[in-house]
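Since the structure comes first, as structure tokens, the remarks are kept for the end.
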Amino acid sequence: MSQMPKQFISVSSQEEALAQLDAHGEELQILAGGTDLMVQLQQSGQRAQRLLHIENIPGLRNITCNGVTGIGALCTHRQIAESTSLDNYRSLRQAAAQVGGWQTQMVGTIGGNVVNASPAADTLPPLLIHNARVTLVSQSGGSRAVELGRFLLGRRQTDRRHDELVSGITLARRPERGRDCYIKVGRRSATEVAIVGLAACVTPGRDGRTLEDVRLAICSVCPMPKRLYEVEHLMQGEEISEALLEEAGEIMLKHIDPIDDVRASKRYRSMVAPRVLKHAIACCIENVSGDLRPWN
Amino acid sequence: MELIFRVNGRSERLELQGHETLLDVLRNDLCLTGTKDGCREGECGACTVLVNGRAVDSCIYAAMAAYDADIETVEGLAKNAGLNSLQNAFAESGGVQCGFCTPGFLMMLTALLDKYPHPDRDLVRDALSGNICRCTGYAQIEEAVARHVEQRSGE
Amino acid sequence: MSVLGESLVRTDAAGKLTGEARYTVDYDARDLLHGALLRSPVPAGRIKAIDTAAAESLPGVRCVVTARDVPDTLAGWVLRETPLFAGKQVRFEGEPLAGVAADTPEQAKAAIAAIKLDIAETEAVGDMKAALTENAPLVHPEWKSYQPTSGEDYPRYGNIASELVADNDDVDVAFQNADLIVEDEFTSNRQYQAYIEPKSAVGIYRDGRYTIHTGHQYPFNIRDRVAQYLAVRPSQVRVIGHSIGGGFGAKLDTGLEPYAAIMSKLAGGRPVKLVNNRTEDMLTCPSRENATMKIRSALDKQGNLLGRELICHMDNGAYSGEMAFMPSVIFHLAGSVYKVGNIRVIARLVYTNTAPTGAMRGVCGVYFSAFQERHMDHIADELGVDRREYRLNNLVKSGDSLLNGQVLDDADLLRKGFEKMEEAAPWKQQDKNKKNWHGIGIAAGTWITNSMPGSVQLKLNEDGSITVVTAATDNGSGAVSMGITQIVAEHFGLTADDIVVTMPDTDVAGYDGGSQGSRTTHIVGRAAGIAADELKGMIFDVAAGMLEAGKDDLEMVDGQVGVVGDPTSRMPLGDIATAATWSRGPLSASGSYTTEPVPFNPGCASGMLFPYFPTPTYHVHFAEVEVNPVTGNVRVVRYIVVQEVGRVINPAGVRGQIQGAVVQGIGHALYESLRIRGARYLERSLEAYRLPLAVDMPEVEIITMEHPHSLGPFGAKGVGEPAIILAPAVIACAVSDALGKPFNRIPVSPEEVLEAIVEKEKQG
């Protein structure tokens, strides 16, 4: 309790938020749904900071699909999970439906998930495979958009400046015949911090044998969620085969750095990750969700 | 700092420091102890209340974030006539044992049923992923929801 | 109208559904102080200094307490070995070192943070292997000086807190003559009870007495233990019960109660409330012990068991509580289901520098059954015979004896259980039809109904209702809010609305052995029956005069007394009560009951602290699991319980106990584990300690076998515990079946499963 921030500033417009950030950004901690931040503040004894509550800013809760798909930073996980406008981004909907329990999903936001930059953030692998760009706004600098892959700098570190607010995320158009999915490994079927989370988007070749395009991203096995470009490169244009999938798994293992933690051992993560990759590719090819939760 | 909000339909005005959780304010300042503290990390769901109709873990929700909001807690469910239909269904199905998780389950289900009045069993189970019951093994809670839905559609 | 066998709503349901129910943590008072404890940050160490000066001078602080401020004594259920605060030596991470009571929780925490602690960390005895190595440091170097609470000592030495040995020379002969020897080694980890209400307590010191508010499974044990710690007579401690937010065995001995009591005394009698946060609760909870077991069986060519050797080590943690009884439980279980021939049992309780373990639902039985059933599967596989068939051929029968010589009168119920199970899920058919990655398991168990005494006072009120005064507690099971309520109602032809059961209060009610071992409905229900018979006699005495009839000509129907065969003569109980109150005085009667001791052979083993296995019940479980070939996760797709219950008082209640127990058992089989590294728990939050969720749990198919017990209330026996003991067993057996590889560790981990899958894939 003694470490909790002493002040709470609630803003009701983006302009107000930007003005606060411009003036006091360094000492302000931005609070949206608070499902990560409030746990951290209660448990970790973080330095007392002031909270800037942005949950009530109107206009940041929309999902727009005119040409580009845009997701407001305050869109909640549950909103995304249930949004039929995101049907082309099945992996994102699947991931959002598996962030914590429904209480977390009802208030936790996509913007929060992105800025929090947890190594285990479920929504980040799907955003990465859909070449998401993060829109940041500030009073002095206007607006800029950064590729998510560049926005994430490390474990819980991002390119956000103290005076900036993440206002939304845009997704690239999904490849026309592409199919995507998010496969999450947890010991239970829900309310797990991912042991491994992998998003895949595969465009099968018109010949039915080759992989025209493959995009892969993974979380919980490296300091921050990331694309697996090396594996994608290996598979692109190749004919699908057991040998190719084996090799893909091996290359993947060279580019991730799983650790032992209370949720799973390094050994388990290393064993399961290549299997999840295979499973995800197979699900994309068969165009099924592949969700490991029982009812799917 | 001043917090003004409505709890179970009543306007409340409180003086806070700014860092309090909604759970602590409900339990300590308003003596609404029906909302329970099970983990303080948003894992068990015993502290679930509705904030503008959304089910939130009040242990990790800042009270000040509820400024001007409508809060519903377990104390607001029963009306003058007695238990509401969902509460009755819990009693009749044996969905209550030790009862410590019960308020959280009721509030989560209230939010669910508001949006999905006829949830199938899989949806109910999914929606309860943030609520832990250590006593019942869940079967009679799921049955209570089914009973409530059935009785309500019979009305 | 009978209320027996009716799914009546539990009497405390409405309060729990509206938020009105008051748990200990909800206790409040205008002068309430908030307590906090300083807990040891190291698992083992010598305390060099605890400087509380800075803490004492902080605002709002009303008292600071350490070992210096409390009686210099040790307390304990079986052995007086536990200090209230560690004074010289720390024996586990989380052990209390000091306490603070202050005006607000924040002030109490700030004061705790201001206490200067100087501990020289010493080598911790981190696990049983370390404890049992030669020249291992002793967790209690002064073990010899400890006094057994009952006065009678028992086998214990060095790091062994309690030991049972049952030996038989013929065992070695059996192994020499064996055609086949099957050997297994098993382990199981700790399981946290994980009640949703973390422990809490309120202590109030007034007029030289301590009053304690606590939602607790065993108020009289709190009374006695607090009295030990604070060196007062037990009658100087009053324990008042509250709604209990779950217990499962963790709320049987003291948690925070004595600390709240002593702090209230030091703070001038203001009430002091202590509440564990979840991490404190996990670090100090008397969780189900981790255990290892080696089983070796000697068989002849036909597969008959000639002899068995069983060596079990159970992790006691730093202090033994009631654990000293547990080696005896292993001994009884060893002969309770299958014929074992000549047997050697060595069961040891081992001290380590870890949190003290305790009794979780189905003590010892949960892992014992898993080990025994896996071993049975192993033997059947070696012999090339069907697993179910092999069990049937070796079941104990009615008239057979446990290893202590106690005769099992009804053991044929085991065979009947298998038959009932066969009707629900024909074994060969299940085996034949199972899909890829699926496996099945079947297991049998015998369990006790705890025999400890209970008592009831029934008061007939002038409005015709009956108040039941008892210290029996309802931990959520419904044993009081359904069981006792319905039993009393039935005796008088009343409805549940006519019955009021008091909350426990040790000043008011007679002794009660607590909600443990499935005892409350059986024992207290019986005590209620005895009281009811006496009260009925009094009622008939009064009514006979009012109706001008012979006492023997009266009957009680639907809460009225009348002359047999004459419906017009009926008189409401309220009229009789009122008349009695103003003529001869109010009517009340008491009943007490405890299971009569069972004949047994005291010479059969040394260290048999728990000499027999009272009022056994018999059970068979079946599970089908599906292994996920991608992740190694296991899902239970079908679960069936055949449970002997004596008599069903409330079907919804029985179902809730069985479903809930199985789910806790599945949790332990697949997820739940407090792992120890360097004498510390790895799991320290509910995020890390995964509890079963609705999405993953099957709806258990329940078949109850009614077999009324002659002394049980309307024939009822215990129900709450048995359904947990076989869940890890059938699941471990089913996973082993699915993958054709033995799984001999509880919980079954996805890592281990995935390794087996990979191995299987390599073999093609």
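The values are calculated or read from the model by the stated rules, or taken from the named source; none is laboratory data. Since the model is a prediction, treat every value here as computed from it, not as a measurement. Cβ coordinates were reconstructed from backbone atoms using ideal geometry, including for glycine residues, and neighbour counts include every protein chain displayed. For accessibility, only protein heavy atoms count, side chains too; no ligands or nucleic acids. Shrake-Rupley method; radii C 1.70, N 1.55, O 1.52, S 1.80 Å.
Quick notes on this structure:
- Given charges at Cβ of Lys, Arg, Asp, Glu: segment C:451-593 dipole, positive-most of C:SER477, C:MET571, C:SER588: C:SER477
- Counting 0.36 nm for each residue step from C:SER57 to C:GLU701 and taking away their Cα separation leaves a gain of 225.7 nm.
- Note on A:ASP87 and C:LYS762: the model spin-label points, each 7 Å out from Cα along the C-beta direction, lie 4.7 nm apart.
- C:ALA425/C:SER401 FRET efficiency (R0 30 Å; Cβ-Cβ; nearest 0.05): 0.45
- Shielding of peptide A:52-63 by partners, expressed as the average count of other chain Cβ atoms within 10 Å per residue Cβ, is 1.
- A straight line joining the Cα centroids of segment C:349-402 and segment C:689-764 runs 13 Å.
- Separation in nanometres of the label points that stand 7 Å from Cα toward Cβ, at C:ARG584 and C:ASP463: 2.5 nm
- Stretch gain in nm, segment C:GLU548-C:ASN304, where the contour uses 0.36 nm per residue and the Cα spacing is subtracted: 80.8 nm
- Beyond 31 Å in Cα-Cα separation lie the following of the pairs B:LYS36/C:LYS536; C:LYS48/C:LYS265; C:LYS109/C:LYS251; C:LYS435/C:LYS762; A:LYS184/C:LYS434: B:LYS36/C:LYS536.
- Average other protein chain Cβ within 10 Å of Cβ, residues A:181-189: 5
- Averaged over the residues of C:191-201, the number of partner chain Cβ atoms lying within 10 Å of the residue Cβ comes to 4.
- In the full protein context, segment C:451-593 carries 36 Å² of accessible surface per residue, based on a 1.4 Å probe and ignoring ligands, DNA and RNA.
- In the protein assembly as shown, the DSSP beta bridges split such that about 80 percent are antiparallel, to the nearest 5.
- Long-range amide H partners of C:GLY646 with built H, under 5 Å: C:HIS707, C:LYS717
- When chains A and B come together, the accessible area they lose, probed at 1.4 Å and totalled over both chains, is close to 2600 Å².
- Share, in percent, of DSSP beta bridges within segment C:399-540 that are antiparallel, nearest 5: 60 percent
- In this assembly, the C-A interface accounts for approximately 2300 Å² of buried accessible surface in total, computed with a 1.4 Å probe and without ligands, DNA or RNA.
- C:TRP77, C:TRP582, C:TRP427, reordered so the largest accessible area comes first (probe 1.4 Å): C:TRP582, C:TRP77, C:TRP427
- Rounded accessible area per residue of segment A:180-296, 1.4 Å, Å²: 39 Å²
- Phi-derived couplings, Karplus 6.51 cos²θ - 1.76 cosθ + 1.60 at θ = phi - 60°, listed residue by residue for segment B:31-44: 6, 8, 8, x, 6, 9, 9, x, 8, 6, 9, x, 9, 9 Hz, with x used for Gly and Pro.
- Cα-based shape type of chain A, given that a ≥ b ≥ c are square roots of the gyration tensor eigenvalues and the cut on a/c is 1.5: prolate
- Accessible surface of the protein assembly as shown, 1.4 Å probe, proportion on carbon and sulfur as whole %: 47 percent
- When the Cα gyration tensor is reduced to axis lengths a ≥ b ≥ c, the ratio a/c is 1.5 or higher for segment A:8-53, and with a/b not above b/c it is classed as oblate.
- Long-range HN-HN contacts of C:GLY303 with modeled amide H, under 5 Å: none
- List of segment C:240-287 residues, accessible area with partners at least 30 Å² below that of the chain alone (1.4 Å probe): C:PHE248, C:ARG278
- For segment C:326-339, Karplus couplings with θ = phi - 60° (6.51, -1.76, 1.60), whole Hz, Gly/Pro x: 5, x, 5, 5, 4, 4, 5, 4, 4, x, 8, 10, 10, 5
- Residue ranges C:453-462, C:660-669, C:179-188, A:53-62 sort as C:660-669, C:453-462, A:53-62, C:179-188 when ordered by packing (mean number of other C-beta atoms within 10 Å per residue, highest first).
- Charges were assigned to the Cβ only: +1 to each Lys and Arg, -1 to each Asp and Glu. The resulting dipole of chain C about its Cα centre is roughly 1620 debye.
- Pairwise FRET efficiency - A:LYS254 versus A:GLN157, Cβ, R0 = 22 Å, nearest 0.05: 0.40
- In this assembly, the B-C interface accounts for approximately 3600 Å² of buried accessible surface in total, computed with a 1.4 Å probe and without ligands, DNA or RNA.
- Relative contact order of segment A:180-286, defined on C-alpha pairs under 8 angstrom at six or more residues apart (%): 26 percent
- Estimated 222 nm signal from helices in chain C, with DSSP H stretches of n ≥ 4 weighted -39500 (n - 2.57), rounded to 500: -8500 deg cm²/dmol
- Karplus (6.51, -1.76, 1.60) ³J(HN,Hα), θ = phi - 60°, over segment C:652-660, in Hz, Gly and Pro reported as x: 5, x, 4, 4, x, 5, 6, 4, x
- Accessible area per residue, Å², segment A:8-53 with all protein chains present, probe 1.4 Å: 42 Å²
- Residues of segment B:95-110 buried by at least 50 Å² on assembly (accessible area, 1.4 Å probe, chain alone as reference): B:VAL96, B:GLN97, B:CYS98, B:PHE100
- Pairwise FRET efficiency - A:ALA243 versus C:THR187, Cβ, R0 = 35 Å, nearest 0.05: 0.35
- Computed packing ranks the peptides C:83-94, C:560-571 as C:83-94, C:560-571, most packed first, by mean other Cβ atoms within 10 Å.
- Interface residues, segment C:3-20 - accessible area loss of 20 Å² or more versus chain alone, probe 1.4 Å: C:VAL9, C:ARG10, C:LYS16, C:LEU17, C:THR18, C:GLY19
- Only DSSP H runs of four or more residues enter the estimate; each adds -39500 (n - 2.57), and after division by the residues of chain B the mean residue ellipticity at 222 nm equals -9000 deg cm²/dmol.
- Shape class of chain C from the alpha-carbon gyration tensor: oblate, with a/c at 1.5 or above and b/c at least as large as a/b.
- Percentage, to the nearest whole number, of Cα pairs in segment C:451-593 over 26 Å apart: 24 percent
- Taking the centroid of alpha carbons for each part, segment C:131-184 and segment B:133-155 are 50 Å apart.
- Euclidean distance of C-alpha centroids, segment A:139-197 and segment B:1-72, integer Å: 30 Å
- Rel. contact order, % - alpha carbon contacts under 8 angstrom, at least six apart, chain B: 24 percent
- A cut-off of 5 Å between modelled amide H atoms, ignoring neighbours fewer than 5 places along the same chain, links C:ARG344 with C:ARG308, C:GLU309, C:LEU310.
- A Cβ-based charge dipole, computed about the Cα centre of segment A:8-53 with Lys and Arg at +1 and Asp and Glu at -1, lands at about 220 debye.
- Compactness of segment B:2-76, expressed as Rg and Dmax over alpha-carbon positions, Å: 10.8, 30
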